[in-house]
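The values are calculated or read from the model by the stated rules, or taken from the named source; none is laboratory data. None of these values were measured; they are calculated from a predicted model. Methodologically, a virtual Cβ is constructed for each residue, glycine included, from the backbone with ideal geometry; neighbour enumeration extends over all protein chains shown. Heavy atoms of the whole protein, side chains included, go into the accessibility calculation; ligands, DNA and RNA do not. Shrake-Rupley method; radii C 1.70, N 1.55, O 1.52, S 1.80 Å.
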Amino acid sequence: MSEDAEQAAARPTITDVARHAGVSKGLVSFALNGRPGVSAETRARILASAEALGWTPSLRARSLSVDRSYALGLVIGRSVDVIAADPFFHAFIAGVESEFSTAGQVLVLAQATPGREEAATYRGLAADKRVDGVFLTDLRAGDDRIALVQELGLAAVTLGRPDVPSPFPSVSVDDGSGIRAAVEHLVALGHRRIAHVAGPSSMLHGRRRADAFVAAAIANGVEPVAVVETDFSAIDGARATRELIALGADRPTAIVYSNDLMALAGLGVAQRAGLRVPQDLSITGFDNTELGEHTFPSITTVATDATDWGARSARLLLAAIAKQPAENIDLPEPRLVVRESTATAPNAHPRGIDAAP
């Protein structure tokens, strides 16, 4: 007998668990799959037997027994390059996996261009029950994925609240409060010419951050220099920074970026153009990625916890699949982390400088 065959033969089965617990195989199946009809005492005895024997479920057999795939999908409608470079997705997926690793779930990751290809991807995931539910990220104006996923009969969790009716629970963070904090910090440092390098206006969080920037600037008596739209990538952030620097005497003395990736690209563009950061130009980012803490100068940024966002979204989606009550979750407000990339505006008298933590 081969080594693999010997290991398979030695592996405990559901029959072994039933014998050890003194119950039927059917009762073991009900207990392990969380079905009703098993007393708490019996369920505890069965689980204790499974643990004592070192029994772990076969995902394939488990899927067949309860008509579930035990897989959940994440379809990202951005270019592969942006996904690879953006640390937000890495941290979010890490949070999801922290929950899935103990829940016997598998994450199915797919990239698709918004439109027909994206719709086909969702339909493909739903076919033959390849996934039980999906995470809906980067919500768009009038997002037609809400109706599509509902039509396909999948459970879902949205990252943020959509602007169309939705039957799905959401996990949200107030992007606007973080942008407002960045603007107020810069105004306190004496900046009056402030610009925003925004994300796509087609994405709700990109639009909300841009709207929050304009509103915060006006509320603080500042006329925004410009709002430059991008696709959230480093290359587009660099392009936007060059456009703003090219304004010459009218260029901003501070730029609020919609993510750290673009802020880091903007830092390089500014320094190559001969501008000193923060003496000539202050910059702020968003997401508090690890790299921004170790650049020179380090990046003042808005801190969110993408890993926690992923973990909470995973728990909420698992609850929805199990038909448990699933309510919307509001994450803690983002906080401003003040570092070296912001300082008093050139020739300005600050109104009260925020102290670095």
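Quick notes
- A simple rule links phi to the HN-Hα coupling: the Karplus curve 6.51 cos²θ - 1.76 cosθ + 1.60 with θ = phi - 60°, which for the range 202-207 gives 6, 8, 4, 6, x, 5 Hz, with x for Gly and Pro.
- Rounded to whole numbers, the Karplus 3J(HN,Hα) couplings from phi for the range 294-311 are 10, 7, 10, x, 5, 8, 5, 8, 9, 8, 10, 10, 5, 5, 5, 4, x, 5 Hz, using 6.51 cos²θ - 1.76 cosθ + 1.60 with θ = phi - 60°, and x at Gly and Pro.
- Sites matching trypsin sites (Lys or Arg not before Pro) across the range 279-350 that sit in DSSP coil, with at most 10 neighbouring C-beta atoms within 10 Å: Lys323
- Remark on Val134: its backbone amide H falls under 5 Å from those of Gly73, Ala155, Ala156, Val157, a criterion applied only to residues 5 or more positions apart or on other chains, H modelled at 1.01 Å from N.
- Helical mean residue ellipticity (222 nm; -39500 (n - 2.57) per DSSP H run of 4+; nearest 500) of the chain: -14000 deg cm²/dmol
- Fraction of accessible area attributable to carbon and sulfur, the chain (%, probe 1.4 Å): 52 percent
- Listed residues Thr102, Thr307 arranged by accessible area, highest first, probe 1.4 Å: Thr102, Thr307
- For the range 175-303, the dipole from Cβ point charges (+1 on Lys and Arg, -1 on Asp and Glu) about the Cα centre works out to 300 debye, to the nearest 20.
- Taking all protein chains into account, the per residue accessible area for the chain stands at 47 Å² (1.4 Å probe).
- Tensor-based shape of the range 97-160 (alpha-carbon gyration tensor, a/c under 1.5 rounded, otherwise prolate or oblate): prolate
- Built amide H within the under 5 Å cut-off of Ser170, gap 5+: Thr158, Asn328, Ile329
- Beta bridge orientation in the chain: antiparallel %, DSSP, nearest 5: 10 percent
- Largest-first principal axis extents of the Cα set of the range 175-303 (Å): 31, 29, 23
- Correct option for Rg and Dmax of the Cα atoms in Å [calculated from the coordinates] among (i) 25.3, 84; (ii) 22.3, 73; (iii) 22.3, 84: (i)
- The string of couplings for the range 125-133 from the Karplus curve (6.51, -1.76, 1.60, θ = phi - 60°) is 5, 6, 4, 6, 6, 5, 9, 8, x Hz, one whole number per residue in order, with x for Gly and Pro.
- Loop-located GluC sites (Glu not before Pro) in the range 278-355 whose Cβ has at most 11 other Cβ within 10 Å (DSSP): Glu327
- Linear extension gain, Ala273 paired with Thr15, 0.36 nm per residue minus alpha-carbon span: 85.7 nm
- Residues with amide H under 5 Å from that of Thr304, placed H, sequence gap 5 or more: Asp287, Asn288
- Viscosity 0.890 mPa s, temperature 25 °C, Stokes-Einstein D of the range 243-283 from Kirkwood C-alpha radius, µm²/s: 240 µm²/s
- Distance (nanometres) between label positions extended 7 Å along Cα→Cβ at Phe296 and Ala119: 5.4 nm
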